[in-house]
Structures are given as structure tokens and as C-alpha cells.
Amino acid sequence: MIFDVSKIKSIANTFIAELRDENIQKDSMRFRKNLERLGEFFAYEISKSLTYTTKDITTPLGLSPCDVLAQQPVLATILRAGLPLQQGLLNIFDRAECCFISAYRKVEKSGDFVIQMDYISTPDLDGKVLIMADPMLATGQSMVMCCKELINRYKIEELHIVAAIASTEGVTHVRANLPKAKIWVGAIDEEMTSKSYIVPGLGDAGDLAYGEKV
């Protein structure tokens, strides 16, 4: 299942437009805020697919049967660029536990790169719904590696993958390697550069959110 925000008309498209805009990008605080707001939008949409239970809530005047989440999801992200997007998810799923993964592209002398994963901090994921957030789904290699590592360690009930911008190649790679995952993206772009940056994309999300790395 793929949910593509660009295929529907909603305020989320304004957030995506501002994320892409090279002039608005100069305001890193607004860039982070737009990622956060997009995360909130995705959280609301994902919430429609989760399991609920009916609970009697006591009001000052009586009882009201209300549908409440049967279980909070676990919110995971790949450091550092994924933090604002994860925060948006956490604003909505405000009782959720969180998982953090350190993974990056390690560039070889040939110019090729491999995905290096150094660190995972996670709660118990057995029987849990996992939402993995990363702003850019380019080749999809880091997303697949991180998700597979967690799947190998735990019996995850359901996997959702959230990205602001994805490439066609990245989506294809994820679907081939994580066929049961539900994919939620702001837009899907057709092209990538020789260095695997999405075109038109939006640039380096981590640098735009937190400053250029050395």
C-alpha cells in the first residue's frame, strides 16, 4: 500500500512546497517546522488504519463510550534528518515510545557508497506497530537495512514507512524488500543524480534542518 500526498489536495501539499522552495529553505527553523507539520499530517492519516477499542469515559454528567487506540505505535527514525518528522508523529501519538537508529552513507574511494549502521536504541518491538520516519527515501537502501535489522530482532506486528520525498527507485526497492510495509510519502520524484540525490527533491534534509556538516 502506498499513500501519496501529492495525489490528493490538502494543506500538506503547502508544507511540501515550502520544504522544496530554495528561498524558504534558508529559514532552517521553518524547514524543521514543515517537516514536523508533515509528520503530524501523516500521523493522523496512519491513525485511521490502527486498531481501536471502545472505552466508557466518565464525564461530569455521565458515561460516554469512546473509541481509543488499543495500543500506541513505536516511532522510529534514522538520525539526524529524521528527528523533525518523528517529532511531528510524536506530537499526535504523544504516548508512543521511540526508537533511534544511526545510519549513514559511507563513501568509498571509487565514489560508490555503502550504508553504515552504527547504533540502535529501541524499546521492545514484539507485537508492536512500528512507524519508521526519514525525510528522504532515495535509493531506499538505508531504510530497508534499518527495518530489516529491527524485523530480525523482533516480531513486529505492522510496519509503516514515512518519507517527505521519495524516488521511484526507492519506493520500488522498499516494496521489493519489505513487501508488507505500508508506505506514506509526500511526493514521488522520478529522477536521481549520480550521487543518489532525488531530483527535483529538496536537497540534503539534514543540512537544511541543522546546518551543513563538515
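The values are calculated or read from the model by the stated rules, or taken from the named source; none is laboratory data. The model shown is predicted, which means the values in this text are computed figures rather than measured ones. Reconstructed Cβ throughout: ideal geometry from the backbone, glycine too, with neighbour counts over all protein chains shown. Note: accessible area is taken over every heavy atom of the protein model, side chains too, but ligands, DNA and RNA are not part of it. Shrake-Rupley method; radii C 1.70, N 1.55, O 1.52, S 1.80 Å.
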Legend entry - Rh by Kirkwood over Cα pairs, then Stokes-Einstein D for segment 89-214 at 1.002 mPa s and 20 °C, µm²/s: 138 µm²/s
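Of L150, L83, which has the most accessible area and how do the rest follow, probe 1.4 Å? Show your work: numbers first, answer last.
On the way: L150 0, L83 60 Å².
The most accessible residue leads, giving L83, L150.
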Legend entry - Approximate spin-label separation T193-L50, in nm, with each point projected 7 Å along Cα-to-Cβ: 3.7 nm
Inset, instruction - Provide the gained length on full extension for the span N91 to Q72, in nm with one decimal, where the gain is 0.36 nm per separating residue minus the Cα-Cα distance. - result: 5.6 nm
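What is the count of Lys pairs in segment 1-83 whose alpha carbons sit under 23 Å apart, if the two are 8 or more places apart or on different chains?
Numbers: K7/K33; K7/K48; K9/K33; K9/K48.
Lysine pairs satisfying the spacing and distance rule in segment 1-83 number 4.
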Inset, instruction - Springs between alpha-carbon atoms under 10 Å, Gaussian network over the chain: tell me which of S194, S142, S47 tops the mean-square fluctuations. - result: S194
Inset, instruction - State, to one decimal in nm, how far the label point of L61 lies from the label point of D27, with both points 7 Å from Cα in the Cβ direction. - result: 4.3 nm
Inset, instruction - Take the Cα coordinates of segment 28-110, assign each an equal point scatterer, and use the Debye formula without solvent to give log10 I(q)/I(0) at q = 0.17, 0.18, 0.20 Å⁻¹. - result: -0.79, -0.84, -0.93
Legend entry - Long-range Cα-Cα pairs in segment 133-174 (distance over 12 Å), rounded percent: 58 percent
Legend entry - lysines with Cα under 16 Å of K195, excluding same-chain neighbours fewer than 8 positions away: K106, K109
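Rounded to two decimals, what is Rg over Rh for the chain when you use alpha-carbon atoms and the Kirkwood radius?
Rg divided by Rh gives 1.00.
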Inset, instruction - Report, by chain and number, residues whose modeled amide H sits under 5 Å from the one on I161, excluding near sequence neighbours (fewer than 5 apart, same chain). - result: M132, K182, I183, W184
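Taking every pair of Cα atoms in segment 171-214, average 1/r, invert it to obtain the Kirkwood radius, and report Rg/Rh to two decimals.
Working: Rg = 13.1 Å, Rh = 12.5 Å.
Rounded to two decimals, Rg over Rh is 1.05.
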Inset, instruction - Could you compute the FRET efficiency for I2 and K213, with r as their C-beta to C-beta distance and R0 at 35 Å, rounded to 0.05? - result: 0.70
